[in-house]
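The values are calculated or read from the model by the stated rules, or taken from the named source; none is laboratory data. The model shown is predicted, which means the values in this text are computed figures rather than measured ones. Cβ placement follows ideal geometry from the backbone for every residue including glycine, while neighbour counts extend to all protein chains displayed.
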Amino acid sequence: MQRIVIFGATSAIAAACARRWNALGANLFLVGRDTPRLETLAEDLRVRGGGSKVAVASADLADTSGHDALFDAAEAALGGIDVVLIAHGTLPDQAACEASLDTAMEAIQVNALSYVSLLTLAANRLEAKGDGVICAISSVAGDRGRKSNYVYGAAKGMVSLFLGGLRNRLADKGVAVVTIKPGFVDTPMTASFDKGGLLWASADTVAKGIVSAVKRRADVVYLPGFWWLIMFIIRHIPERIFKRLSL
């Protein structure tokens with residue numbers, strides 16, 4: 001039975017992953033900021049899971065000072081860690097970030113620097129163990145800076161680059177590092193968006209892809225898969241043209 005730690009467990013995608021892993025019999029350690037939602041999710045999983053262990057810890061993951069203690073608690077609750085999923089984050093308002101450096105830096109802290117902290121701790125622990133999977137949610141927004149969301153995109157670009165370096169470092173250590181790059185996902189975080197068209201996916205569709213990617217110990221996965229082609233085209237538009245586009 002796998003022992004899985006999920007950071008940001010109450011997010012729509014992470015909760016869907018938890019339900020899928022729970023159905024497969026995994027033991028889970030769930031970390032989230034919203035304590036009532038976290039407890040509700042955990043109780044639902046316990047009812048569904050037929051004996052699988054589900055433990056929880058409440059934490060604001062933007063505060064990196066508590067990250068090491070969360071890994072200690074997870075190892076104590078589960079008897080070890082096989083898989084780490086990092087799935088927390090915010091979708092900042094670009095205009096607000098442009099108007100306030102503090103707002104921009106808060107977005108970078110939550111969406112990038114807190115990931116660096118968790119990824120470093122996870123890497124060191126699984127490397128010492130000699131096995132495991134680290135999976136983190138980045139975004140297609142990190143593939144190229146666009147004026148509509150470049151603060152968020154910069155944060156996710158940092159996460160993707162960090163994951164790439166970590167994957168290179170751990171390739172011969174028995175530890176897989178999986179980068180997940182979702183496109184448009186229908187979640188509470190995107191509630192204000194117009195969700196017409198074929199590019200939007202459900203949180204459960206993305207979760208299914210994540211669970212599969214972790215099982216396969218994949219490298220970089222775009223979800224749904226057609227986003228690989230979309231972002232390939234966007235990345236290769238010449239800068240002299242791209243800078244004139246409204247994206």
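In the range 166-184, which residues are closer than 13 Å to S138 by Cβ and either of a type outside the set (K, R) or in contact (Cβ under 8 Å) with a residue 60 or more places away in the chain (or both)? Write out each step before concluding.
Of all residues in the range 166-184, those closer than 13 Å to S138 by Cβ come to 166-167, 177-183.
If the condition is that a residue be closer than 13 Å to S138 by Cβ and either of a type outside the set (K, R) or in contact (Cβ under 8 Å) with a residue 60 or more places away in the chain (or both), then L166, V177, V178, T179, I180, P182, G183 are the ones that fit.
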Which residue out of M231, M189 is modelled with pLDDT of 95 or more, aliphatic (A, V, I, L, M), within 20 Å of the chain's Cα centre (by Cα) and farther than 22 Å from A122 by Cβ? M231
Members of the range 130-148 found to be surrounded by fewer than 19 Cβ atoms within 10 Å (Cβ to Cβ) and either on the phi > 0 side of the Ramachandran plot or in contact (Cβ under 8 Å) with a residue 24 or more places away in the chain (or both), listed by number: G130, D131, R144, R146, K147, S148
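Would you be able to tell me the number of residues in the range 116-156 that are part of a helix (DSSP H, G or I), within 22 Å of A201 (Cβ to Cβ) and hydroxyl-bearing (S, T, Y)?
Within the range 116-156, the first condition is being part of a helix (DSSP H, G or I), and the residues that meet it are 116-129, 140-143, 150-156.
So of that shortlist, the ones also within 22 Å of A201 (Cβ to Cβ) come out as 140-143, 152-153, 155-156.
Next, from what is left, pick out any that are hydroxyl-bearing (S, T, Y): 152.
Adding up the residues that qualify gives 1.
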Pair list, Cβ under 8 Å, 6 or more apart: the range 67-91 residue among the charged types (D, E, K, R), other residue part of a helix (DSSP H, G or I) and surrounded by fewer than 24 Cβ atoms within 10 Å (Cβ to Cβ): D68/L121; E75/R125
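Can A87 be described as surrounded by 15 or more Cβ atoms within 10 Å (Cβ to Cβ), among the hydrophobic types (A, V, I, L, M, F, W, C), out of contact with any strand residue (DSSP E or B) (no Cβ under 7 Å at 6 or more places or on another chain) and closer than 22 Å to G142 by Cβ? If you could, list the steps in order and put the result at the bottom.
On the way: surrounded by 15 or more Cβ atoms within 10 Å (Cβ to Cβ): yes; among the hydrophobic types (A, V, I, L, M, F, W, C): yes; out of contact with any strand residue (DSSP E or B) (no Cβ under 7 Å at 6 or more places or on another chain): no; closer than 22 Å to G142 by Cβ: yes.
No: the conditions fail for A87.
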Just name the residue that is surrounded by the most Cβ atoms within 10 Å (Cβ to Cβ) out of those in the range 116-129 that are within 21 Å of H88 (Cα to Cα) and without any contact (Cβ under 8 Å) to a residue 24 or more places away in the chain. T120
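Go through the residues of the range 62-70 one by one and say whether even a single one is surrounded by 21 or more Cβ atoms within 10 Å (Cβ to Cβ) and modelled with pLDDT of 95 or more.
To start, the set of residues in the range 62-70 that are surrounded by 21 or more Cβ atoms within 10 Å (Cβ to Cβ) comprises none.
Within the range 62-70, none of the residues are surrounded by 21 or more Cβ atoms within 10 Å (Cβ to Cβ) and modelled with pLDDT of 95 or more.
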When only residues in the range 171-186 that are surrounded by fewer than 19 Cβ atoms within 10 Å (Cβ to Cβ) and not acidic (D, E) count, which is modelled with the lowest pLDDT? F184
